[in-house]
Amino acid sequence: MPLEQIFVLSLIQGLTEFIPVSSSAHLLLVSTLCGWKDQGLIMDVAAHFGTLGSVLVYFRADVISLFQGFFSLLKGKKTLKTDLFLNLVIATIPVVFLGTVFDMLIGDAFRGMMVIAWMSIIFGVLLYIADRYGAQKEKVSDTTLRRALYFGLGQCLSLINGVSRSGSCIMVGRFLNYTRQEAAHFAFLMAIPTMIAACTLKGYQLFKNNDFSLLNDAALMAGLSFVFGFCTISFMMNWLKSATFTPFVIYRILLGLTLLASTF
């Protein structure tokens, strides 16, 4: 695979996985515009593995808490760490179940350019409304099982191309009056089990197909995706201390309008 393709795809994956725009939509758009062939399963796994690593490293304190919460749960103890673990489990169940059903019954029906265009606009507007009118008071530690379920249902919206996994989760958080930082924090933590599941599934498919070509390219893709992902998370968590999601809303709407105009 050409070096520039690896670099650009890693950059797009690392950036768009953690800002409220759709990573899968942007990977599709960039590949289409550049005339690149599908990067293949092994490169897909590598890109997701790299961004998974960036979340695990940046939120390493939370990851340790999740492990401690799991073992405390096995011992029958209830702590804030067990609450965090259970909340992430509840938030992940809907997308695992609905994602499987969605893939079997619908497949690629909601992955066209028109879908991306309209979802970019519609969910850009919804994100603006949530961010404009949501109060800034709730934290990750305030999450209940019911709220975790709402986050999980919001994540299911990202099964439609153009919605954005992080964007839909952040939108739910802002509607639930989480601060901007805390909404993003929980959305990024939700990426951990989701990406572990995605890497496991795609890794199994890779093993079953015995497709281990391009290993050097895959390693580079994973490394670059890790670096870009880590920088993006760091930027977002600092940006949201004093800024809003409005720039991303404007970008989503302009992108959607541009794609709609290109179809005429």
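Which residue pairs have Cβ atoms under 7 Å apart, sit 6 or more places apart or on different chains, and have a first residue in region 122-142 that is among the hydrophobic types (A, V, I, L, M, F, W, C) and a second that is surrounded by fewer than 19 Cβ atoms within 10 Å (Cβ to Cβ)?
Hits for this filter: 130/175; 135/177.
Filtering region 223-259 down to residues that are surrounded by fewer than 21 Cβ atoms within 10 Å (Cβ to Cβ), among the small types (Gly, Ala, Ser) and in contact with a helix residue (DSSP H, G or I) (Cβ under 9 Å, 6 or more places away or on another chain), which residue is farthest from residue 55 (Cα to Cα)?
Ranking the qualifying residues of region 223-259, first place goes to 243.
Looking at region 211-264 only, could you name the residues that are over 20 Å from the mean Cα position of the chain (by Cα), among the polar types (S, T, N, Q) and closer than 22 Å to residue 136 by Cβ?
Result: 242, single match.
So, in region 140-177, exactly how many residues are outside any helix (DSSP H, G or I) and farther than 16 Å from residue 125 by Cβ? Lay out the reasoning, then the answer.
Filtering region 140-177 for residues outside any helix (DSSP H, G or I) gives 143-144, 160-164, 176-177.
Right, trim to farther than 16 Å from residue 125 by Cβ and you get 143-144, 161, 176-177.
Number satisfying all stated conditions: 5.
Taking region 224-256 only, how many residues are basic (Lys, Arg) and either modelled with pLDDT of 95 or more or assigned to a helix (DSSP H, G or I) (or both)?
1
Just to verify a result, which residue in region 21-66, among those that are charged (D, E, K, R) and outside any helix (DSSP H, G or I), is surrounded by the fewest Cβ atoms within 10 Å (Cβ to Cβ)?
Within region 21-66, the first condition is being charged (D, E, K, R), and the residues that meet it are 37-38, 44, 60, 62.
Among the residues that remain, those that are also outside any helix (DSSP H, G or I) are: 37-38.
Numbers: 37: 8, 38: 10.
Result: 37.
Find the residue count for region 195-213, including only residues that are modelled with pLDDT of 85 or more and buried (at least 17 other Cβ atoms within 10 Å of the Cβ).
The total comes to 1.
Inspect region 67-83 for any residue being outside any helix (DSSP H, G or I) and in contact with an Asp or Glu (Cβ under 9 Å, 6 or more places away or on another chain) and give the result as yes or no.
Within region 67-83, the first condition is being outside any helix (DSSP H, G or I), and the residues that meet it are 75-79.
Narrowing further to those that are in contact with an Asp or Glu (Cβ under 9 Å, 6 or more places away or on another chain): none.
Checking region 67-83: not a single residue is outside any helix (DSSP H, G or I) and in contact with an Asp or Glu (Cβ under 9 Å, 6 or more places away or on another chain).
The values are calculated or read from the model by the stated rules, or taken from the named source; none is laboratory data. Owing to the predicted nature of the structure, the values given are computational and were not obtained by experimental measurement. Cβ: placed from backbone, ideal geometry, glycine included. Neighbour counts: every protein chain shown.
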